Amino acid sequence: MLPLSITAVVARNELWQNQVSSEPYECGWAKEAIVYLRALKHPVRTENVRARIEYSPDGIRWVDSGLDFALPTQADQISWIPVNHFGNWLRVAVDLPDGAAITVLVSINLKA
Amino acid sequence: MHSQTNQIAKLSRFDPMPRIITFDDFDYGFCGWGQLVGNYEQSLDAMNPSYQQHTHPQLSNLSHWDSGSHSSWDGTYALKIQTRPVAGARNVSVKRLTFRKAGPIRLELYFTFKPEATEPRLLETDVRSVGFLFDLQDPDEGGNRVMPHIRFLNAENGEHVQKWQFKRKSPPVTPVGEEGKTITHDHLAPNDWEDLPNGHQKLCYNEIPTKVNWHYLRFDFDLENMRMLEMQCNNRLFDLSQIDSMVMPAMKNLWCMLNMGFFTETDTNKRALYYIDSVCLSGDF
């Protein structure tokens, strides 16, 4: 049987403003992940704004993984980041400054 | 691993009809279960908001903050369907098939449900409901689209209700986009659920939100007459022969459709977690 590989869309057409995060995604079965964040519409004031990858031991309490990436600044632009050691939950979190906004499609490709 | 002996042992906890259409053990992956995405045309903005909230199911080992991994019925993983933490939120996972014989079919599964354990309290009234649905369509012009829906209403407005319900009133159908090819209808809207006769049932919830017990469910349906037949949950039998499904005229691209769905709703601002250990769909052909 081939190793498991799936793509989970965890945020679809969500308008992100202020302090925001994707819904918790439990994926402790996976050994590696790539998180993709696509701007579905033209972002507003996302220059120099970075999103971070967060881990959780229980899906409720979150820690900063130390991994972060720049948000897209153009419509249809995709930001991405590999995540190679995690458990048992993943999410993307970002603190957007006043007036900044981005409509996102966040997908996580996971491989066992 | 996935040996024949192991498969037979796993199947022995089901009572399938002669033909096993699909046997989904989530220790081996998602087995074709994905998220129910709403219909749209040109832009995702056209999607009904009730579908926008849906997210992808997860493979869960039922880990908890106080006790670690609970794991599944006889392995590590179960399919988890999780709502957002907003009272009334729902989520749906779906598997899309077609049928080759319009005859009796049987759905069996082992399931459980819990709220997210964000408080050190029992939380037995936080999950509003868990349920299942079929989305079916006759093979030929002039037939119908038929949607049997059943849910276990666990709690409503803080009351621990614990009863089975069905839905037969079809929701309004709304066009999507400008091309006249796509429609949407919110068949899982919170209104129009009706009680099954003698449908109260007390399910084992256990004593804290991180202790989990699994339940057996069987649902029999006849694709020839498009009628429900019978349901069993643990020790209880329910005669469904007089219970109607939602029925609407056949749609032009759904012939022989055999979709199955599992859904959950939360009654409070906590995520509802609906776990499915394994599913067996069988048919009499």
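Residues that are of a type in the set (Val, Ile, Thr) and either under 27 Å from B:Thr76 (Cα atoms) or more than 13 Å from chain A (Cβ to nearest Cβ) (or both) were ranked within the stretch B:1-55; the one that is surrounded by the most Cβ atoms within 10 Å (Cβ to Cβ) is B:Thr55. In the stretch B:1-23, the residue that is modelled with the lowest pLDDT out of those that are more than 21 Å from A:Pro3 (Cα to Cα) and among the hydroxyl-bearing types (Ser, Thr, Tyr) is B:Thr5. Could you please find all residues in the stretch B:30-65 being among the hydroxyl-bearing types (Ser, Thr, Tyr) and in a helix (DSSP H, G or I)? The answer is B:Ser50, B:Tyr51. Residues in the stretch B:123-175 that are of a type in the set (Val, Ile, Thr) and either surrounded by fewer than 19 Cβ atoms within 10 Å (Cβ to Cβ) or assigned to a loop (DSSP other than H, G, I, E, B) (or both): B:Thr125, B:Val161, B:Val173, B:Thr174. The number of residues in the stretch A:68-92 that are surrounded by fewer than 17 Cβ atoms within 10 Å (Cβ to Cβ) and aliphatic (A, V, I, L, M) comes to 3. Here B:Trp65 meets each of (1) farther than 30 Å from B:Asp267 by Cβ; (2) surrounded by fewer than 17 Cβ atoms within 10 Å (Cβ to Cβ) with one exception, condition (1). Which residue is surrounded by the most Cβ atoms within 10 Å (Cβ to Cβ), if the candidates are limited to the stretch B:212-227 and must be touching a residue at least 12 places away in the same chain (Cβ under 8 Å) and assigned to a loop (DSSP other than H, G, I, E, B)? Here the answer is B:Leu223. With respect to the conditions (1) closer than 25 Å to B:Cys256 by Cα; (2) within 12 Å of another protein chain (Cβ to nearest Cβ); (3) within 17 Å of the chain's Cα centre (by Cα), B:Leu97 falls short on a single one, namely (2).
Only one of the numbered conditions (1) under 24 Å from B:Pro115 (Cβ atoms); (2) surrounded by fewer than 16 Cβ atoms within 10 Å (Cβ to Cβ) is not met by A:Ile34, and that is (1). The residues of the stretch A:25-48 that are more than 26 Å from B:Gly68 (Cα to Cα), more than 12 Å from chain B (Cβ to nearest Cβ) and outside any strand (DSSP E or B), listed by number, are A:His42, A:Pro43, A:Arg45, A:Thr46, A:Glu47, A:Asn48. Which of the residues that make up the stretch A:1-24 are farther than 25 Å from A:Lys41 by Cβ, within 8 Å of chain B (Cβ to nearest Cβ) and not in a loop (DSSP other than H, G, I, E, B)? Answer for the stretch A:1-24, where residues must be farther than 25 Å from A:Lys41 by Cβ, within 8 Å of chain B (Cβ to nearest Cβ) and not in a loop (DSSP other than H, G, I, E, B): just A:Ile6. Quick one: is B:Thr83 of a type in the set (Ser, Thr, Tyr), crowded, with 20+ Cβ neighbours inside 10 Å and under 18 Å from the mean Cα position of the chain (by Cα)? Taking the combined requirement at face value, the residue satisfies it. Please verify whether B:Asp186 is assigned to a loop (DSSP other than H, G, I, E, B) and touching a helix residue (DSSP H, G or I) at 6+ places or on another chain (Cβ under 7 Å), treating the condition exactly as stated. Criteria met by B:Asp186. Just so you know, in the stretch B:228-285 the residues that are hydroxyl-bearing (Ser, Thr, Tyr) and surrounded by 14 or more Cβ atoms within 10 Å (Cβ to Cβ) include one that is farthest from B:Gln137 (Cα to Cα), and it is B:Thr268. Can you pull out every residue in the stretch A:61-93 that is aliphatic (A, V, I, L, M) and either in contact (Cβ under 8 Å) with a residue 24 or more places away in the chain or farther than 19 Å from B:Trp65 by Cβ (or both)? Matches in the stretch A:61-93: A:Leu67, A:Ala70, A:Leu71, A:Ala75, A:Ile78, A:Ile81, A:Val83, A:Leu90, A:Val92, A:Ala93.
The values are calculated or read from the model by the stated rules, or taken from the named source; none is laboratory data. The structure displayed is predicted, hence computed values, not measured ones. Here Cβ is always computed from backbone atoms with ideal geometry, including for glycine, and neighbour counts include all displayed protein chains.
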